[in-house]
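What follows is a short report on a single structure.
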Amino acid sequence: MRTHLPGSAVLERTGITPVAAAFLETQPMLVLGAADPAGRVWASLLTGRPGFARATGPHTFSVAGGIPAHDPLGAAVTAAGTPVGTLAVDPRTRRRLRLNGLARPSARGMRVEVERVFANCAAYVSQRRLYDTGDGAELGTPAGAARRRTALTRAQQRLIRTADTFFVASAASEGADVSHRGGRPGFVTVESPTELSWPDYPGNDMFRTLGNLAADGRAGLLFLDWPTGTTLQLSGLAHTEYGPGGRIVRFRLDRTVQSRTPVRWSAPVPSRSVHLTPKDHL
């Protein structure tokens, strides 16, 4: 079995290889999926200077600062262990690494005991340039700056309609997961201020997200305004519909949180694989 991050395959492991550890330590952001104390599932963005997330052994990694208090998952991680899915995605190289397991508070912030590691392919990830990682001291925005609603504003709807990327978190009895979705801007349809839909194209045939949604239905979405650092988190229920045109995922939200991160990225660099054939990765 190959031991490096692949360019066109998905590998599942139970441990963090040295190459995967080196990749994780160069990342300025980490996407995390989990359920909050009320049971709602969210996808959150954790940021910091490269090295804020780093492997501490073949089956553990730590995140400096943990989850910001203003985040919907700020109180989710407990000493008993919270199932989490994490995704380290590097738009500069279009590589991704998923690490799922149990998270607990630690002296550094948060410690994750890894149960599954997935090295995902680079296809259909929009390439971007990193402009700013912030000063390294503040992760996200203060609690008072987070805007919480129960429906999308017009500006938030525009952000979703123009998105070429979002992240979806799900949960089931086997644990939590978070994955990437990518396509042409407009591949996510805003049906109403509380309803979204998107086509579910063939991906890596692992069906982790589809399986979780079929078993549970709770889901969290994360959209980014990459140049400004604005983050939009949605929590609600999702289900998959099957028809002659393929699979469609429909999502109904009941909570939204808009915030901001200090990390800034460029607009997407044109990519043949992203913009000619939209596709996601399950």
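Computed quantities for the displayed model
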item: Members of segment 145-188 found to be in a strand (DSSP E or B) and open to solvent by 60 Å² or more (accessible area, probe 1.4 Å), listed by number; result: R147, R148, R149
item: Single unsatisfied condition, W226 versus (1) modelled with pLDDT of 95 or more; (2) open to solvent by 10 Å² or more (accessible area, probe 1.4 Å); (3) over 16 Å from the mean Cα position of the chain (by Cα); (4) within 18 Å of T165 (Cβ to Cβ); result: (3)
item: Some residue of segment 28-39 being modelled with pLDDT of 95 or more, among the small types (G, A, S), open to solvent by 30 Å² or more (accessible area, probe 1.4 Å) and in a helix (DSSP H, G or I); result: no
item: The one condition in (1) open to solvent by 60 Å² or more (accessible area, probe 1.4 Å); (2) among the aromatic types (F, W, Y); (3) assigned to a loop (DSSP other than H, G, I, E, B) that Y124 fails to fulfil; result: (1)
item: Options T3, T56: the member that is over 19 Å from the mean Cα position of the chain (by Cα), open to solvent by 10 Å² or more (accessible area, probe 1.4 Å) and modelled with pLDDT under 95; result: T3
item: Qualifying residue in segment 99-107 (condition: in contact (Cβ under 8 Å) with a residue 60 or more places away in the chain, in a loop (DSSP other than H, G, I, E, B) and buried (at least 17 other Cβ atoms within 10 Å of the Cβ)); result: no
item: P68 being under 24 Å from W226 (Cβ atoms), of a type outside the set (D, E, K, R) and in contact with an Asp or Glu (Cβ under 9 Å, 6 or more places away or on another chain); result: yes
item: Filter result for G203 (farther than 13 Å from Q157 by Cα, modelled with pLDDT under 85 and part of a loop (DSSP other than H, G, I, E, B)); result: yes
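The values are calculated or read from the model by the stated rules, or taken from the named source; none is laboratory data. All of these numbers come straight from a predicted model, not from anything done at the bench. All Cβ positions, even for glycine, are placed from backbone atoms using ideal geometry, and neighbour counts span all protein chains on display. Each accessible area value is taken on the protein alone, full model and side chains, heavy atoms only, with ligands, DNA and RNA left out. Shrake-Rupley method; radii C 1.70, N 1.55, O 1.52, S 1.80 Å.
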